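Read through the structure below, which is laid out as structure tokens, and then see the notes.
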Amino acid sequence: MFLINCPFCGERDQSEFSSGGEAHIVRPKQPTELSDDEWAEYLFMRKNIKGIQFERWNHAHGCRKWFNIVRDTSNDKILSVYKMGEKPPVNYK
Amino acid sequence: MPNYRIHKTEYIDETKRVSFKYDGKTYFGCEGDTLASALLANGIHLVGRSFKYHRPRGIVSCGAEEPNAICQIGSKKDLTEPNVRATELELYEGLEASSQNCWPNVKFDIGGINNFISPLIPAGFYYKTFMWPKSFWKKVYEPLIRLSAGLGKSPTEPDPDIYDHKHVHYDVLVIGGGISGIITAKMAAKNNLKTLLVDDKKILGGSTIYQNNEAIKIDDKLSSEWLKNEIQEIKKLSNLTIKIRTSIAAYHGYNFLLAKENLTDHLPEEKKKNKIRQRLWKIRAKKVVIATGSIERPLVFNNNDRPGILLSNSINKYLDYYGVSCGENIILFTNNDSAYETSISLHKKGIKNLIVDLRKSASSELIKQAESLGIKIYFNHVVTNTFGYRKINSLEIMKLSEDGNTTVGNKIKLSCDCLGMSGGWTPMVHMHTQSGGKLDFRDDDQVFLPKENSEDKISVGSCNGDFDLENIIDKTVNKINKFLDIDNQDYQDTNIICSKENDKRNIWLLPNKIPLGKTKCFIDFQNDSTAKDIKLALKEGFRSIEHVKRYTTTGMATDQGKLSNMHALGIIADTAGVKMGTLGTTTFRPPFTPLAFGTLVGRNVGKFFEVVRKTSMHEWHVENNAEFENVGQWKRPWYYPKDGENMHDSVQRESKAARDSAGILDASTLGKIDIQGTDASEFLNRVYTNAWSKLAIGKCRYGIMLNEDGMVYDDGVTTRISENHYLMTTTTGGAANVLNKLEDYLQTEWPELDVYLTSVTDHYSTASICGPNSKKILNKLFPNLDLSDENFPHMSFKVDKIENINCRIMRISFTGELSYEINIESKYGNSLWKMCIEAGKEFNLTPYGTETMHLLRAEKGFIIVGQDTDGTMTPSDLQMDWIVSKKKYDFIGKRSLYRSDTIREDRKQLVGLLTDDPKEILEEGAQIVSDIKSKHIDMLGHVTSSYFSPNLNKSIALAVVRSGKTMKGQKLIIPMENKNINVTVSDTIFLDKDNKKLNA
Ligand SMILES: [Zn+2]
């Protein structure tokens, strides 16, 4: 059970949050210009990394804000938490 | 009655006798006993039958690792509890326990015959034998296995006990109140860290607390005396919480642990009443110190399972802690020094004993002490067989060969009434591995040890492989100072004297002249698996420990192999000729010991099991005989039976009334989202498939929302209240998800939009009145409101008052009838409802529930998202192409609507179905085919909604059918269990195709 440091509320139990999958997948600005394959890439393809992964989380039973985390999926350690719109920490690239 | 309590100890109060029943017979124990120690004091070793062979079995241990003394407690239907270990159960007045595995009784039973046919029950027996025919499982095999295996009985009625949950946060959690745990707790608490110490026993001190050998001293005192002082001291520390009778059940990531505190299990029946039985502690600790100790290993030799054969250290505890002797003529069989402590203790109490030691020689202080006391020691000898049916009465030993692979010389027969075995010690690494920690193997004494200690978790004491006292104290102090980043000097000058073990020799499967196939060398006592089973599994090609474990069922019983896993691994390694450390271990899973469901559930039982949402009209529905349906967490009126009507009759009456005159529905549960902001229109444009910018203020519009994959997600009517203010409605079940989704897009994809969302579902109550007389009823309620079609047309909205209370009135329809939805602040909901009912009396205004609502909308071919759709339907599949804007550049899911798969013409599409026999009602979910003669029949689709329409006097149905759009008029077949139903594909709208009723 993670302890997640919501950038707006501080450390809270995982049960207050819901996960939103991989982060930094930007919705295409001009979907109509995309081929089926390109659209499918956006729609379906996710990395599911063993190791350092960027994820979206929502403090659903709290402030209801979305934010991003950097998590090492091999040991579940959350390495960094940052707000939506902020750049991912470069040291984990 | 025999009395094996031979001396007084400070832990047993002999003046307080406790009576209890075991297998129906009354016995007496003393305050301070466990059930096991009380039984042994009465001379009872035999406590059950083994799982497979039904061999007599006795108490083996004194703790959580006990494989044999498993009891059923109590006999009441609601309070009986299986799988309780007698070694852990504190005795109380009136306790009723019975041996769990002994049908029909412990002294003689039918299953005992298995012992003689045991050559027929090899490894994988259950897999091989009870395989065929399949139908035998339920009626023959399973009852047979259960009856003769005695897995215990579950209570058959709800648990009346009270359970509790508690959330706590600590700087340091110390698991285990043995010597290293106590030292740790003191160091942490004295350095201003908020500390919690838990121990599963009722008295702290672990195995040191009854240690009384002169060879082992701390500051010139017996280690037990020294430790008692330490315990007195830590009890005074203000920021240390000590929880006894509390065991850690699970250790999850991020130092989140579950602990079970036993509050009343040790109390007599009358004192348990109205008290919390157990409390589940949900612990978050910044740092965790694991000090769970170690458990003694048995030895694997022929017939090592007779009653009277115990772990050596358990004999010691029963003697020095409980004052009970396990026999009068005891043999100790060992490969290490610890059995010598037992031997010396027994000797001091005048109990005859001798030692059989695997090792060629040994030379520690303890051994010198034993020798000087004149205790007979057979070095380099091995027990090869034991005798005695209900209790051991003698055994044979032989000399070991130089390499330990075989026995040499003559058998020596020795008589005894008890055998203690010690195969060394296994560190309790369960907590470490449960938390995700890895293990290392130490060849020297063949133990798995915690591999790494992290910044938030450490293992100390014997669970970390430190066995002698000097090591335990020195290493614990050093490690804890570093781990907690403190500089505690309390133990700087502690002077420790202890015996150091110099000699080791371990043989996992002890040699024997008898071929293995004819021996019974038990590894897992609880599941009755032997060394032979392991070897057979290897011979049959199993290699992975996880596979061998499951095939032989070794370590799969309720003790999770606490005594057996190491031996199984050792024998596999020896047989396969690989290093034991390379095999890995099996996974230890929570809970550490069995846990009652009640403890996990806590207070969330009965009506507290789930949140229930009720509308403000709920009471009226109850008073008016409504049957309720659960929709999400909501209780919605399903139908209102009158004078013994069944559901069908009610629904027919309600739907007829709604079309003929007027009906009223409680629509309060529909999701309502208040949308405000300068970009509200643009936002709706992006989330709905149709266009919203041109919706005039005061107008309503139906919208469909897609997922990004193009599939229908939710639908509902949204009203434009003012320039930048909308009220969106969603389906009842979808409300929370829709809000989540909209917030997600607003926060992450379109943060530039000025839009604010507020859930107002609970803020407004809604009464929906429909039918040709609805306008007249509205007129009575709102006499000043102009209800003409010109002023208040279909799909528009007005504000008016009832007795000064604002109402929002939408003229929208989900039934196809002229229809009004009146929204009012929820606190007035019930009054509004009653006023509607009163006003509608003269028009036979009939309350109707969800079932009638479903029927009415099906007559009109309106879909229900989640019933007629299932996450694979596009608007086009639903024949609703009209709702998808061609002009809008983008909206959620638009691009997916022309992916190669979504434009396929043979997708499943929504159609209407009419049965050839108009009285025949289809089953929802029934499969649809076009042909029943071929060998391979294609499933074309399924029925999604089906009703008998009283307004059309025939059966109607909606269905999804492959290429359904092109099939109008075509005959299809619905094959049922006992008949085939002929249907014809129709339009989805069955009634009032040109919407005359809307403006009736
Ligand atoms: Zn938050």
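Using the average count of surrounding beta-carbon atoms within 10 Å as a protection proxy, the listed peptides B:950-956, B:64-70, B:642-648, B:931-937 rank, highest first, as B:64-70, B:950-956, B:642-648, B:931-937. Think of each Lys and Arg Cβ as +1 and each Asp and Glu Cβ as -1; about the Cα centre, that makes the dipole of chain B roughly 2060 debye. What's the long-distance tail for region B:856-943, i.e. % of Cα pairs beyond 19 Å? Of the Cα pairs, 52 percent sit more than 19 Å apart. The label-point distance for residue A:87 and residue B:169, in a model that sets each label 7 Å from Cα toward Cβ, rounds to 3.4 nm.
Choose one of B:450, B:795, B:237: the residue whose Cα lies farthest towards the positive end of the charge dipole of chain B (beta-carbon charges +1 Lys, Arg; -1 Asp, Glu; about the Cα centre). In chain B, that residue is B:450. Here the Debye sum runs over all C-alpha atoms of the protein assembly as shown as equal scatterers in vacuum, and log10 of I(q)/I(0) at q = 0.05, 0.08, 0.10 Å⁻¹ comes out as -0.49, -0.98, -1.19.
Only protein heavy atoms count here, probed at 1.4 Å, and on that basis chains A and B bury about 2300 Å² of accessible area in total.
Computed in the context of the full set of protein chains, the accessible area of region B:860-986 at 1.4 Å probe radius has 50% of its extent on carbon or sulfur.
Annotation: aspartates and glutamates with alpha-carbon distance below 17 angstrom to residue B:965 (same-chain offsets under eight excluded): B:868, B:877, B:881, B:901, B:905, B:906, B:987. Centroid-to-centroid, using Cα positions, region B:568-646 and region B:736-800 are 37 Å apart.
Would you work out the Kirkwood radius for region B:651-782? I mean one over the mean of 1/r across all pairs of different Cα atoms, in Å. Every distinct Cα pair counted, the radius reaches 16.2 Å. Residue pairs exceeding 19 angstrom between C-alpha atoms, taken from B:656/B:968; B:190/B:236; B:894/B:968; B:775/B:798: B:656/B:968; B:894/B:968.
Take every pair of alpha-carbon atoms less than 8 Å apart whose residues are at least six positions apart; their mean separation over the length of chain B yields a relative contact order of 9 percent. A dipole drawn for chain B from +1 and -1 charges on Cβ atoms has a positive end, and of B:785, B:283, B:380 the residue lying farthest that way is B:380.
Determine the distance separating the Cα centre of region B:843-859 from the Cα centre of region B:929-1000; give it in Å without decimals. Each part reduced to its Cα centre gives a spacing of 22 Å. Interface burial in region B:680-722 reaches 10 Å² or more for B:708, B:709, comparing the full protein assembly with the chain by itself; accessible area from heavy atoms with a 1.4 Å probe. For region B:402-468, the ratio of Cα radius of gyration to the globular rule of thumb 2.2 N^0.38 Å stands at 1.66. Spread over its residues, the convex hull of the C-alpha atoms of region B:515-595 is 82 Å³ per residue. When a 1.4 Å probe is rolled over the protein heavy atoms, the share of accessible surface on chain A that falls to carbon and sulfur comes to 48 percent. Burial annotation for region B:735-753: residues with an accessible-area loss of at least 30 Å² between the isolated chain and the complete set of protein chains, computed on heavy atoms with a 1.4 Å probe, are B:740, B:743, B:744, B:747, B:748, B:749. Using just its DSSP H runs of length 4 or more, each adding -39500 (n - 2.57), the protein assembly as shown gives a mean residue ellipticity at 222 nm of -5500 deg cm²/dmol after division by all residues. Only aspartates and glutamates eight or more places from residue B:780 in sequence, or on another chain, were considered; those with a Cα closer than 14 Å are B:800, B:803, B:838, B:842.
Of the three principal axes defined by the Cα atoms of chain B, the extents in descending order read 115, 70, 56 Å.
For region B:473-494 versus region B:320-397, the inter-centroid distance based on Cα atoms is 36 Å.
How many percent of DSSP beta bridges within chain B run antiparallel, rounded to 5? Walk me through the numbers before you get to the answer.
Values: 132 of 180 bridges.
Percent antiparallel among DSSP bridges in chain B is about 75.
Here region B:214-229 is scanned for amide nitrogen atoms under 13 Å from the site 7 Å beyond the Cα of residue B:7 along Cα-to-Cβ, giving B:214.
Summarising the overall dimensions of region B:272-390 from its C-alpha atoms, the Rg and Dmax are 18.9, 60 angstrom.
At a probe radius of 1.4 angstrom, the accessible area of the protein assembly as shown per residue rounds to 43 square angstrom. Relative contact order, whole percent, for region A:3-93 stands at 27, derived from Cα pairs under 8 Å and 6 or more residues apart.
Report, in listed order, any pair from B:202/B:438; A:29/B:887; B:16/B:228; B:21/B:76; B:8/B:186 with a Cα-Cα distance greater than 20 Å. Table pairs above 20 Å Cα-Cα are B:202/B:438; B:16/B:228; B:8/B:186.
For residue B:579, which aspartates and glutamates qualify as cross-link partners when the Cα separation must be under 16 Å and same-chain residues fewer than eight apart are set aside? List returned: B:440, B:443, B:444, B:445.
In this entry, chain A is assigned a mean projected area of 6.8 nm², taken as a quarter of its C-alpha convex hull surface.
In Å, what Kirkwood hydrodynamic radius results for region B:876-1000 from the alpha-carbon pair distances? Here the Kirkwood hydrodynamic radius works out to 16.1 Å.
Remark: accessible surface ordering of B:33, B:881 (largest first) is B:881, B:33, probe radius 1.4 Å.
Dipole check for the protein assembly as shown: with +1 at the C-beta of Lys and Arg, -1 at the C-beta of Asp and Glu, and the Cα centre as origin, the magnitude is about 1800 Debye.
Computed with every protein chain present, the accessible area of residue B:28 is close to 90 Å² [probe 1.4 Å].
The values are calculated or read from the model by the stated rules, or taken from the named source; none is laboratory data. In this text the structure is predicted, and so the values were computed from the model without any measurement. Backbone-built Cβ (ideal geometry, glycine too); neighbour counts: all protein chains shown. Side chains included, ligands, DNA and RNA excluded: accessible areas come from the protein's heavy atoms. Shrake-Rupley method; radii C 1.70, N 1.55, O 1.52, S 1.80 Å.
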